[in-house]
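The values are calculated or read from the model by the stated rules, or taken from the named source; none is laboratory data. Because the structure is a prediction, the values reported are computed rather than measured. Don't worry about glycine lacking a Cβ; one is built from the backbone with ideal geometry, like all the others, and counts go over all protein chains shown.
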Amino acid sequence: MIDDNKAVDPENESPAVGDVEAIERLRLAYSRIRKELGKVIVGQGEVLDQLLIAMFAGGHCILEGVPGLAKTLMISTLARCLSLSFNRIQFTPDLMPSDITGTEVIQDDPTTGKREFKFLRGPIFANIILADEINRTPPKTQAALLEAMQERHVTAGGVRHDLTLPFFLLATQNPIEQEGTYPLPEAQQDRFLLKVFIDYPSYDDEYAIADRTTGESDPQVEAVLSGDDILGYQRLVRQIPAAPDVLRYALDLVRATRPDEAGSPDFVKRMITWGAGPRAVQSLILGGKARAALNGRAHVASEDIRALAHPVLRHRIVTNFSAEAEGYTTDRVVDDLLATIEPHTTHLDGDDRIRKVLST
């Protein structure tokens, strides 16, 4: 386990030796998790990477894809790989908030003969929650997730009930059959670290799926990490430093999505109504730290920010009618931003510590 008392070395602005070793252990654990997931899930490597990045960054995900792409199987298998409890909540129009969080009931105490309230926990009390088709339930029920996502507890009858940690919520959405749905408000979408698109598998992957799932094989998945391990690695991820240039690059990308921002590109002013808020910068940096750690690096690079720009920004940008008329999607906006906004670079000899090394 990771020593939570270890801090980043202020002189070198990099994790201490023990933490570098912990990053290597995390990289090896990540490789084992991917190997175990590969026993059940065929392909979808980028999706799996983004799910793991969100989890180790301590965030939540929206998964969007048509039916039959193994979203539920993917999440339940991930829970087994991590030795975590898993609950699936099927969202329907008649689902009530108490069906998710739990409710208080009156019970008789056999010893005293008195009646008392007892809280019966709902399915939200698990480590990994699959909120299946979250856009099929009204806003009142959707909002029941907000307190759990942000505060890691729920309140019933004025009493706070803490959730089991780690807590990871994955909400799925179906991009087709939009009749009778309740789209998530932008403010609630902003609570999700990433929005991940799941596409159809390739020809070879779909062949492997058909061959594997129509036989008698029943692959067994081994647990790689415990809940305590994950909590420790989440603390480790936050210790990884991000250089000022990387922070400025993430900030430039996010601020460029705002049409009223001075210096934002012309296509943003024409196509976007509302840009991303400060939580997008936080998500880019935290996601970048997790991506760096999973790849065995003790620092965040601009490439980490670029790799996560689409899943971080696509649900935080609101396009206007002009964009819809031209088929200008939020992903295309991010593509153009990445082509327009250049990463910051600092010359090595501008750092006193590095200048000393170069002069020897």
Here the qualifying pairs (Cβ atoms under 7 Å; residues six or more apart or on different chains; first in region 105-127 and over 25 Å from ALA148 (Cβ atoms); second among the aliphatic types (A, V, I, L, M) and part of a strand (DSSP E or B)) come out as ARG115/ILE106
Anything in region 1-24 that is crowded, with 17+ Cβ neighbours inside 10 Å and modelled with pLDDT of 85 or more? List them, or say none. ALA22, ILE23
Mind checking which helices (runs of 4 or more DSSP H) fall wholly inside region 294-345 and carry at least 1 residues that are among the basic types (Lys, Arg)? 302-313, 330-340
Residue check, TYR207 part of a helix (DSSP H, G or I) and of a type outside the set (A, V, I, L, M): yes
So, of the residues in region 219-230 that are of a type in the set (A, V, I, L, M) and not in a helix (DSSP H, G or I), which turns out to be surrounded by the fewest Cβ atoms within 10 Å (Cβ to Cβ)? ALA223
Test: VAL318 is in contact (Cβ under 8 Å) with a residue 12 or more places away in the chain, outside the structural domain of LEU48 (by TED's automatic domain parsing) and out of contact with any Ser or Thr (no Cβ under 9 Å at 6 or more places or on another chain): no
Restricting region 306-360 to residues that are more than 25 Å from LEU51 (Cα to Cα) and hydroxyl-bearing (Ser, Thr, Tyr), which is modelled with the lowest pLDDT? THR360
With the condition kept exactly as written, say whether any residue in region 165-180 is assigned to a loop (DSSP other than H, G, I, E, B), over 21 Å from THR137 (Cα atoms) and free of Cβ contacts under 8 Å to residues at least 60 places away in the same chain. yes
Only one residue in TYR233, TYR249 is crowded, with 16+ Cβ neighbours inside 10 Å, in a helix (DSSP H, G or I) and not assigned by TED's automatic domain parsing to the domain that holds GLY38, so which one is that? TYR249
Somewhere in region 57-78, is a residue within 25 Å of THR213 (Cβ to Cβ), free of Cβ contacts under 8 Å to residues at least 12 places away in the same chain and under 24 Å from the mean Cα position of the chain (by Cα)? yes
